[in-house]
Each structure stands twice: as structure tokens, then as C-alpha cells.
Amino acid sequence: MCGFVGVIGNGDRQSRLQDVKSMNSIITHRGPDDEGYFENEWITAGFRRLSIVDLVHGAQPMSLENQRYWIVFNGEIYNHVELRNQLVNEGETFTTDSDTEVILAMYKKYGVKCVNYLRGMFAFVIWDTESSEIFGARDHFGIKPLHYAKQNEHIYFASEKKALQNLLKDERINDQALQDYMTFQYVPDPWTMTPSVEKLRAGHYFVMHPGEKMEIKRYFYPQFKPCRNDSEHKITGEVRDCLIESVQKHMRSDVPVGAFLSGGIDSSIIVALAHQLNPNLHTYSVGFERPGYSEIDVAKETAACLDVDNISETITPLRFAQDFHKFVYSMDDPLADPAAVAQYFLTHMAGQHCKVALSGEGADEIFGGYNIYNEPNSLKVFRSVPNMLNHVLHGLATLIPEGVKGRSFIERGTTPIEMRYVGNAKIFSEAEKKRFLKRYDPTKPYTHITKKLYQNSVNLDPITRMEDIDMNTWLIGDLLLNADRTSMAASLELRTPFIDKEVFRVASSIPTNLKIAHHTTKYVLRKAVEEIVPGHVLHRRKLGFPVPIRYWLQDELYDWAFKIIKESDVDQYINKSYAVRLLQENRQGKKNKVRKLWTLLTFMVWHQIYIEHKYTDLV
């Protein structure tokens with residue numbers, strides 16, 4: 001797990017090297033153990049290393065074939081041992097035990113198709129000095145980031161946007177990205193809040209030659225095909241076997257591996273399986289200083305049942321507020337998911353004890369774990385209602401006062417799924433955004449993100465279509481961005497065994513009626529681990545990562561939030577009186593206000609850091 005930066009383009013090599021060193025210093029947290037550089041007439045690359053595999057010989061930039069091929073690589077290839085053995089049997093020789101050298105050898109043999117053989121999380125850039133080909137790729141699911149920017153006939157790339165933004169001094173704001181952020185609570189790929197910087201999409205690679213246009217292609221799409229007819233018993237066994245194998249491969253490391261443990265089933269599964277491989281496993285948990293908002297007690301009960309050590313920490317509202325600007329800085333772009341802040345504290349605590357940790361992200365998206373996935377079943381009564389009557393019912397529902405029981409049910413039941421579900425979070429409606437965004441563009445509603453995805457899933461059932469939306473938006477834009485930035489800010493490598501192409505191969509074929517079944521979510525997953533996971537978490541309802549911001553913003557953090565609104569210089573983008581009203585309404589106890597308020601507050605703090613430069617100590 002590391003970070004890299006680079007510049008592609010002809011020109012003053014000394015100036016290029018200075019730029020790369022400047023960018024590399026910004027991402028020191030991604031790799032505090034070592035740094036390295038490579039340069040020639042067309043490319044200069046820098047690298048920061050967090051030593052995990054082959055501690056002695058795994059330094060980068062790394063070369064192969066008498067320095068013909070060079071690479072900078074961020075991530076882990078979990079099947080590198082098997083790929084190495086395959087290549088050795090075919091006559092290839094290796095000088096290190098690192099997975100980095102395996103990528104180069106696979107590129108040498110298969111060219112751009114090498115990505116199809118890799119199993120893991122990765123972003124890398126390879127330079128072929130003989131053909132002058134530059135090849136860069138991002139992993140299948142978007143676990144690892146790769147940003148790039150084009151300026152003055154040069155292409156700049158980096159693991160984190162802040163390295164590019166700091167160098168290019170681009171302090172403009174992408175209006176469309178801001179508008180989308182207000183819907184999704186994150187900036188959807190491939191855009192960033194900075195107009196000049198983009199992200200390579202998940203499952204994509206690029207190829208280019210100096211002086212020519214960058215060509216971007218997709219090599220993987222995580223497509224659900226829930227059509228198999230095997231028995232529940234057989235499917236359950238396959239799920240269990242693939243999880244055991246995935247955790248085993250994700251445990252490969254030359255340094256100790258720990259694990260996150262909440263009160264839910266996903267992290268408990270990972271811990272239970274990891275403990276079978278390492279009886280001395282250490283686990284880490286955080287909670288909040290408010291009754292009902294801490295899962296530490298449940299996590300400790302789970303740890304006791306599994307006989308693993310657990311280290312926990314309780315976060316106070318004061319500490320939450322004091323460190324919030326550090327969290328926002330680490331994200332690059334605003335991410336208004338309160339659970340992401342909780343993970344920031346968790347990764348920093350775990351990072352004091354280990355270099356690698358396992359986490360449970362991804363189980364909900366691929367095994368059907370969100371409670372909202374029950375909705376199509378609860379609304380199926382509307383499927384038999386004629387379209388004209390549906391339209392009438394929808395109009396009548398809008399006449400019912402907000403908050404009256406039944407209004408939301410009728411509204412959602414009479415709204416097509418393409419308009420009803422935009423992902424796990426929908427913060428502001430288009431009508432709301434129009435009220436407070438001063439540069440609102442009515443021609444680009446949120447559907448420009450979801451429309452194509454829904455077109456791709458038109459032949460699937462409604463529940464699977466919802467999973468597909470979350471897999472291609474929420475997972476990448478929120479959960480995985482959060483996982484990468486919070487862990488890397490703590491110089492910690494976070495591994496996610498559920499987000500694995502072999503696990504997805506099995507999970508994507510599970511019939512929908514075996515995911516949402518018997519009044520529960522993730523039915524087959526629960527069945528697969530019922531003899532592994534303690535009973536008190538096996539059927540526990542999903543809570544997410546509860547954070548008491550609603551109550552804190554009514555009381556302890558009210559003045560803190562009010563000060564952010566008043567002092568932030570965002571008037572050209574946002575009507576701040578709208579934010580003040582949301583703050584006051586939340587204090588009065590009005591529901592459905594806090595996530596909207598939090599989305600605005602997060603953007604304002606981001607603006608203070610990256611545009612107003614009010615927290616220069618963070619850089």
C-alpha cells in the first residue's frame with residue numbers, strides 16, 4: 001500500500017523532477033517508510049512506500065527486463081503467488097518476492113490484458129522505454145484511486161487529488177460536481193470538485209504515447225446475473241468457501257494484520273474467518289459518547305465469543321469537532337457521510353497498532369444487505385395498478401401534508417424505480433437544490449449519473465437494479481473513497497475481502513429471492529456463516545455506523561456549526577441563509593434535516609481548507 005505521482009510530457013527535466021518531488025511530499029502519509037523516483041526524457045514519477053510485502057526488495061519505482069519496463073504501483077495483488085508460479089513454470093525469472101514485479105512480468109507477457117489476471121486492489125502506471133507506451137490502470141471495483149490532469153501539454157497523475165491541486169493551483173469549483181454532490185453526498189466518478197482534475201474510473205485503463213491523446217477503455221463491469229437454479233444448500237456452500245479463500249488471500253502480508261470489528265455481521269464474518277488463520281488477531285472498534293450510538297459493547301461481546309483481542313475508543317463531540325477539518329482534508333473532495341468520520345477515528349486508532357487491517361465493506365452491495373432493498377417487495381401492490389391510476393394516486397399523495405402516515409408510501413409506490421432510487425443516499429431533491437444553489441443548472445439533474453446504469457440493468461428485477469446502482473455509485477464514490485483516504489491518512493493499509501472478483505463472481509449469480517428472504521437481508525450470506533458467527537450478531541438488523549450528529553448539532557456542536565456557516569466564504573455558490581434555517585430546524589427537532597445540513601457543512605469546511613486556505617497547518 002503506497003502512493004505515487006508523476007508527470008508525462010517533454011520539457012525541462014529538472015523542473016519536472018521538482019514538480020514531482022513537490023507532489024510526492026504532499027502524500028507522505030501514504031508511504032512514510034521510503035520514497036523513490038524515476039525519470040527519462042518523457043516521464044518523471046515519484047513514489048511513497050508503506051512496506052507490506054517483501055520489505056527488503058519491494059522498493060519502487062521498480063524495473064524489469066534490463067530496465068525496459070518501469071512501474072509505480074499502489075495496492076496489493078492477492079494472487080501474486082499463483083501468478084508468479086505460473087510465470088516461473090513458463091520460464092520467467094524474478095529477483096524479488098514482491099507483487100509489483102509480478103505486475104510487470106504479466107504486462108511483459110500479456111500487455112494491457114494483464115489486468116484481467118490480477119486479483120486485488122490496484123492503481124498503477126507502467127512505462128515501456130522501448131515502445132514509449134504508457135499504460136495505467138485502476139482495479140476492477142475502484143478500491144484504489146488514480147487521478148490525472150492535463151495542463152500545458154503535460155499530463156499529471158497522482159494517487160490523491162490534493163497533490164495535483166497543490167501543484168496546479170486550480171482553485172476553481174466544478175459547478176456540476178457541486179450540484180451532484182448535493183444529491184449523492186460525494187462527487188461521482190470521473191469528476192472531482194476541481195475542474196482540471198479527473199479520476200480514472202473503476203475497471204478502466206488508459207494507454208498513450210508521448211505527444212498523443214490518452215485512450216481510455218473499460219475492461220471490467222460488475223454485472224449481476226441472478227439466474228442460477230442451484231439449490232440453496234449448494235449456493236450457501238459456495239459462498240462460504242469463496243469467503244474463506246478470499247480472507248486467506250487477503251491475510252497475505254509480511255507484517256501483522258488486524259481487523260475492524262463493529263456490532264454488525266459483516267465485520268464479524270471477516271474477524272471470525274481471519275481468526276481461524278491467525279489466533280492472535282487484534283481487532284479495533286470505536287463508538288460515540290451518547291447512549292444508543294456505540295456498538296463497542298456488542299463488538300466486545302463478539303470479540304469474546306471469537307476469542308480475539310479488542311481495542312476500542314469512545315469519541316466525544318468535542319474531539320469529533322476538533323478533528324473534523326483533518327478528516328475533510330484527507331478526503332480530497334467533500335464526503336458528507338457521517339460514518340466516514342467514524343472510520344477516520346477508527347483507522348487512526350488501528351494505525352497505532354498495525355500496518356494492515358481487514359474491513360467489511362462491500363457485503364451489502366453484493367449480497368443484498370441494505371434494508372431499503374426490501375422496498376420493491378413492500379411496493380409490489382402498485383405493479384398491478386394501471387399507469388393512469390398510478391398517476392392519479394401520485395398526484396393525490398402530494399396533497400397529503402408532509403409527515404402524515406401513508407404519503408411517502410403512496411408517493412414511492414407510484415414513482416418509477418429509475419426516479420425513486422438514486423443510490424444509498426439521496427440528500428437534496430432537484431427542487432431543493434434550485435432554492436439554495438446559486439449556479440444550479442436544470443438541464444443536468446442527478447439522472448445524468450444513474451440513467452445509463454438503469455439502461456444497463458433494464459432486464460433485471462427491481463432489487464438487483466438497486467444493488468447495481470449502489471455497486472456502481474455509492475460503493476465507489478462513498479465507501480471505497482472513505483476506506484482509502486481515512487486509512488492512508490493513518491498510514492494504514494485497509495483490505496476488503498468482500499470486494500474481490502472471485503467473491504463477486506459467486507455473489508452476482510445468487511437468485512434475488514435468496515438475498516432478500518424470510519424477512520431479512522443477506523439471507524444466503526447469513527446462512528453461509530451461521531456456524532461461524534456468534535448468534536447475537538447473526539440476525540442483528542443493520543444499523544450502519546451510527547453517529548449522533550443530529551443531537552450534537554442541536555446541543556454541543558450547534559455553535560460550532562453556526563460559526564462554520566457564518567465564516568465560510570461560499571456565498572457565490574450557496575445561499576447561506578438556507579443552511580442557517582436547516583441548523584435551526586434541526587435544533588427544533590424537525591426530522592430529515594440533519595443529513596442536508598451535514599452535506600452543506602462538509603462542503604463549507606472543504607471550501608475553507610482548499611479554496612480559502614484557512615487551515616494551512618494541514619498541508
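For the reader, a short list of remarks on this structure follows.
- If the condition is being touching a helix residue (DSSP H, G or I) at 6+ places or on another chain (Cβ under 8 Å) and more than 16 Å from ILE103 (Cα to Cα), then region 41-75 contributes GLU41, THR44, ALA45, GLY46, PHE47, ARG48, LEU50.
- Candidate set: region 218-243, residues that are of a type in the set (D, E, K, R) and in contact (Cβ under 8 Å) with a residue 24 or more places away in the chain; chosen: the one surrounded by the fewest Cβ atoms within 10 Å (Cβ to Cβ): LYS225
- Subset of region 278-298 that is at pLDDT 95 or above and of a type in the set (A, V, I, L, M, F, W, C) - its residue that is farthest from ALA350 (Cα to Cα): LEU281
- Spans of helices (runs of 4 or more DSSP H) in region 485-580 with at least 1 residues in contact with a strand residue (DSSP E or B) (Cβ under 7 Å, 6 or more places away or on another chain) and aromatic (Phe, Trp, Tyr): 523-528
- Test: PHE409 is farther than 30 Å from VAL506 by Cβ, without any contact (Cβ under 8 Å) to a residue 40 or more places away in the chain and of a type in the set (Phe, Trp, Tyr): yes
- Qualifying helices (runs of 4 or more DSSP H) (wholly inside region 351-433; at least 3 residues being surrounded by fewer than 18 Cβ atoms within 10 Å (Cβ to Cβ)): 387-397, 407-413, 417-420
- Scan of region 299-352 for residues that are farther than 30 Å from LYS199 by Cβ and small (Gly, Ala, Ser), ordered by number: ALA299, ALA303, ALA304, SER312
- Any hit, region 543-550, residues being of a type outside the set (Gly, Ala, Ser), free of Cβ contacts under 8 Å to residues at least 12 places away in the same chain and on the phi < 0 side of the Ramachandran plot: no
- Pick from region 63-94, criterion farther than 19 Å from PHE47 by Cβ and hydrophobic (A, V, I, L, M, F, W, C), ranking: surrounded by the most Cβ atoms within 10 Å (Cβ to Cβ): LEU83
- Scanning region 16-62 for residues that are among the basic types (Lys, Arg) and assigned to a strand (DSSP E or B) yields ARG48, ARG49.
- Selection from region 244-273 of residues that are polar (S, T, N, Q), in a loop (DSSP other than H, G, I, E, B) and surrounded by fewer than 21 Cβ atoms within 10 Å (Cβ to Cβ): SER253
- Once region 321-349 is narrowed to residues that are free of Cβ contacts under 8 Å to residues at least 60 places away in the same chain and either touching a helix residue (DSSP H, G or I) at 6+ places or on another chain (Cβ under 8 Å) or not in a helix (DSSP H, G or I) (or both), the residue that is surrounded by the fewest Cβ atoms within 10 Å (Cβ to Cβ) is ASP323.
The values are calculated or read from the model by the stated rules, or taken from the named source; none is laboratory data. From a predicted model like this one, the values you see are computed outputs, not experimental measurements. Backbone-built Cβ (ideal geometry, glycine too); neighbour counts: all protein chains shown.
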